[in-house]
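Right, one structure below, let's go through it.
The values are calculated or read from the model by the stated rules, or taken from the named source; none is laboratory data. Remember, predicted model here, so these are calculated numbers, not experimental data. When we count neighbours, we look across all protein chains shown, and the Cβ atoms used for this are built from the backbone with ideal geometry, even at glycine. Calculation scope for accessible area: heavy atoms of the full protein, side chains included, ligands and nucleic acids excluded. Shrake-Rupley method; radii C 1.70, N 1.55, O 1.52, S 1.80 Å.
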Amino acid sequence: MSYSVSLSSPIHFHTNSRLFSTFPPKLPNKLKTTVTTTTVAAIPPLSTATSVTDVSVLDSTTVALIGGGSVAALAAVLSFTDPERRRRLQAEEVGGGDKEVVRNYFNNSGFQRWKKIYGETDDVNKVQLDIRLGHSKTVENVMKMLTDDGSLNGVTVCDAGCGTGCLSIPLAKEGAVVAASDISTAMVAEAEKQAKEQLTAGNGDIAPVMPKFEVKDLESLDGKYDTVVCLDVLIHYPQNKADGMIAHLASLAENRLILSFAPKTFYYDLLKRIGELFPGPSKATRAYLHAEADVERALNKVGWKIRKRGLITTQFYFARLVEAVPA
C-alpha cells in the first residue's frame with residue numbers, strides 16, 4: 001500500500017525530511033520509504049485512518065495488502081473473528097478496563113516495542129521503521145506549527161502522553177517550559193533519561209529547561225499552559241470519552257490545542273478490522289478511530305475552532321493533525 005499525503009490550507013505539511021533540517025527524524029539507513037506530498041484546497045472526505053498507536057492494524061510479521069477486489073472479499077471473513085472477546089479477556093487479566101489495559105501494556109511488552117520504534121536502534125522490522133518515520137513526521141509538523149508562530153523561549157507547553165520524549169525534548173531545545181506526562185511509568189523514566197542525555201549540551205544561545213516529567217493519565221492533568229499537545233493518544237478513547245477528554249485538554253490550554261488522532265473512514269476502519277484477524281502480542285490494546293467531524297464538533301462545543309489541519313501518512317502510519325484555538 002502506498003499513500004500520498006493529503007494536506008489543506010492554511011498550513012502545508014511536508015513529509016520530505018530534507019525540508020526539516022532543524023528537527024530531522026532519526027532513522028536507520030536501511031529504511032527506504034517514498035512519500036509524496038500533495039496540496040489541495042480543502043480536506044477530502046477522508047476521516048479515518050490507523051495511526052502510529054493503532055497497533056491492531058499492523059503485525060510485526062503479517063501485513064494485509066488490500067486491493068479493491070480483495071477488500072470486499074476479506075470483509076466477509078471479519079464476522080468469524082471475535083476481537084472484543086480477546087479484549088475483554090485482556091481487561092480481566094489486569095483487573096480493569098481500557099485504561100488499565102493500556103497502562104499494563106505500555107509498562108511491559110508495549111514499552112519494549114515502542115521504545116524501539118521511537119528510538120534509533122536497527123533492531124526493528126520494515127513496518128516498525130515505517131511507523132517511526134510517520135511519527136517523526138508528525139512531531140516535525142507540530143514543531144513547524146509552533147515555531148512558525150515565533151520563538152518558543154519561555155512558552156509553557158503541556159505534552160500530554162509524552163511517550164519517550166519525542167516531542168518534549170525538541171520543545172525544550174527551543175526554550176519551551178515543558179510539562180510532560182504519560183500513563184506509563186516506564187515511558188516517563190525513559191523520556192527523562194533521554195532528556196538528560198540530550199539537553200545537557202544546550203542549543204546555541206538557548207539554555208533549555210529540563211521538562212518536568214510525571215506519571216499521569218490524561219484525566220489527572222491540571223494547570224494552565226499556553227499550548228497543550230496530545231499526539232496519538234485519543235486512539236485509546238472511544239468517541240463518547242474522547243469528547244470529554246478533548247474538553248478537558250482544552251480547559252488546560254490558554255491559546256492553542258494540538259491533537260493528532262487516527263481518522264475514521266470506511267476503508268481505514270475495514271483495514272483495522274482485517275488486522276484483527278491476526279491477533280498477536282502487538283494487539284494488546286483496543287484501538288479507536290475518530291471522524292474529524294466528531295473531533296471538530298467536540299472542540300466547537302467548548303468554544304474552540306480548528307485553525308490548521310492536515311493528514312500525515314506513510315505506508316503504515318496515518319494521523320490527522322489539527323491545531324485548535326479559542327473561537
Out of the residues in segment 157-183 that are charged (D, E, K, R) and open to solvent by less than 30 Å² (accessible area, probe 1.4 Å), state the one that is farthest from HIS248 (Cα to Cα). ASP182
Condition broken by GLY202, with the remaining ones in (1) modelled with pLDDT of 70 or more; (2) touching a helix residue (DSSP H, G or I) at 6+ places or on another chain (Cβ under 9 Å); (3) open to solvent by 20 Å² or more (accessible area, probe 1.4 Å); (4) under 23 Å from THR147 (Cα atoms) satisfied: (1)
What number of residues in segment 184-199 are crowded, with 24+ Cβ neighbours inside 10 Å and touching a residue at least 60 places away in the same chain (Cβ under 8 Å)? 2
Within segment 162-198, track down each residue that is in contact with a Lys or Arg (Cβ under 9 Å, 6 or more places away or on another chain) and among the polar types (S, T, N, Q). THR164, SER181, SER184, THR185, GLN198
Flag for PRO211 being farther than 22 Å from GLY134 by Cα and either touching a strand residue (DSSP E or B) at 6+ places or on another chain (Cβ under 7 Å) or hydroxyl-bearing (Ser, Thr, Tyr) (or both): yes
Among the listed residues VAL233, VAL188, VAL228, VAL178, identify the single one that is over 28 Å from LYS301 (Cα atoms) and among the β-branched types (Val, Ile, Thr). VAL188
Does at least one position in segment 141-156 carry a residue that is closer than 24 Å to SER220 by Cβ and open to solvent by less than 10 Å² (accessible area, probe 1.4 Å)? yes
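So that you can scan it fast, the table gives a plain yes or no per residue for (1) modelled with pLDDT under 95; (2) β-branched (Val, Ile, Thr); (3) open to solvent by less than 30 Å² (accessible area, probe 1.4 Å):
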| residue | (1), (2), (3) |
| --- | --- |
| LYS216 | no, no, no |
| LYS224 | no, no, no |
| ILE246 | no, yes, yes |
| LEU252 | no, no, yes |
| ASP294 | no, no, no |
| LEU299 | no, no, yes |
When you look at ALA207, is it surrounded by fewer than 15 Cβ atoms within 10 Å (Cβ to Cβ), touching a residue at least 12 places away in the same chain (Cβ under 8 Å) and small (Gly, Ala, Ser), yes or no? yes
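Provide a single number: the residues in segment 136-180 that are hydroxyl-bearing (Ser, Thr, Tyr) and either free of Cβ contacts under 8 Å to residues at least 12 places away in the same chain or in contact with a Cys (Cβ under 6 Å, 6 or more places away or on another chain) (or both).
The number of residues fulfilling the criteria is 1.
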